[in-house]
């Protein structure tokens, strides 16, 4: 896969000086998919985030993006999304901290501790 093609599949890219601030995943909802939230911290201490639904066939849809001034404000984003998920699907569907695999644009797997 060419780097440009691989980049099209990424929901968020992490560049030099940036680090993963958190990844949260909710349990799969039948016929809908899995809600996910990913966030990165930038060199100035602000955080960018993306919330999306990964469909059972692997497609990513309904991608919402935003930013907060500091990493501790990600809790506000998480609380807002979890509130919406609870009202829509019931209290069992909540974003929880998760581990993830990281890849370069050309498909090479990275150690998750690389910043």
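The values are calculated or read from the model by the stated rules, or taken from the named source; none is laboratory data. Quantities reported herein were computed from a predicted structural model and do not represent experimental measurements. Methodologically, a virtual Cβ is constructed for each residue, glycine included, from the backbone with ideal geometry; neighbour enumeration extends over all protein chains shown.
I need the full set of residues from the range 11-35 which are out of contact with any helix residue (DSSP H, G or I) (no Cβ under 9 Å at 6 or more places or on another chain), closer than 19 Å to residue 91 by Cβ and in contact (Cβ under 8 Å) with a residue 60 or more places away in the chain, in order please.
25, 27
Take the range 13-55 and flag every residue that is under 19 Å from residue 96 (Cα atoms) and not in a strand (DSSP E or B).
Passing the criteria: 26, 27, 28, 30, 32, 55.
Looking only at the range 15-32, decide whether some residue is surrounded by fewer than 18 Cβ atoms within 10 Å (Cβ to Cβ), modelled with pLDDT of 95 or more and under 17 Å from residue 72 (Cβ atoms).
no
Determine whether the range 57-69 contains at least one residue that is surrounded by fewer than 17 Cβ atoms within 10 Å (Cβ to Cβ), at pLDDT 95 or above, within 14 Å of the chain's Cα centre (by Cα) and within 16 Å of residue 20 (Cβ to Cβ).
Yes, that holds for at least one residue.
With the structure loaded, tell me whether residue 76 is exposed (fewer than 11 other Cβ atoms within 10 Å of the Cβ) and either at pLDDT 95 or above or touching a helix residue (DSSP H, G or I) at 6+ places or on another chain (Cβ under 6 Å) (or both) or whether it fails that test.
Working: exposed (fewer than 11 other Cβ atoms within 10 Å of the Cβ): yes; either at pLDDT 95 or above or touching a helix residue (DSSP H, G or I) at 6+ places or on another chain (Cβ under 6 Å) (or both): yes.
For residue 76, the condition - exposed (fewer than 11 other Cβ atoms within 10 Å of the Cβ) and either at pLDDT 95 or above or touching a helix residue (DSSP H, G or I) at 6+ places or on another chain (Cβ under 6 Å) (or both) - is met.
Please count how many residues of the range 37-53 are crowded, with 18+ Cβ neighbours inside 10 Å and more than 18 Å from residue 19 (Cβ to Cβ).
Selection size over the range 37-53: 2.
Any residue in the range 91-104 that is farther than 13 Å from residue 28 by Cβ sitting within a Cβ distance under 6 Å of a residue that is at pLDDT below 85 and surrounded by 10 or more Cβ atoms within 10 Å (Cβ to Cβ)? List the pairs, counting only those 6 or more apart or interchain.
102/110; 102/112
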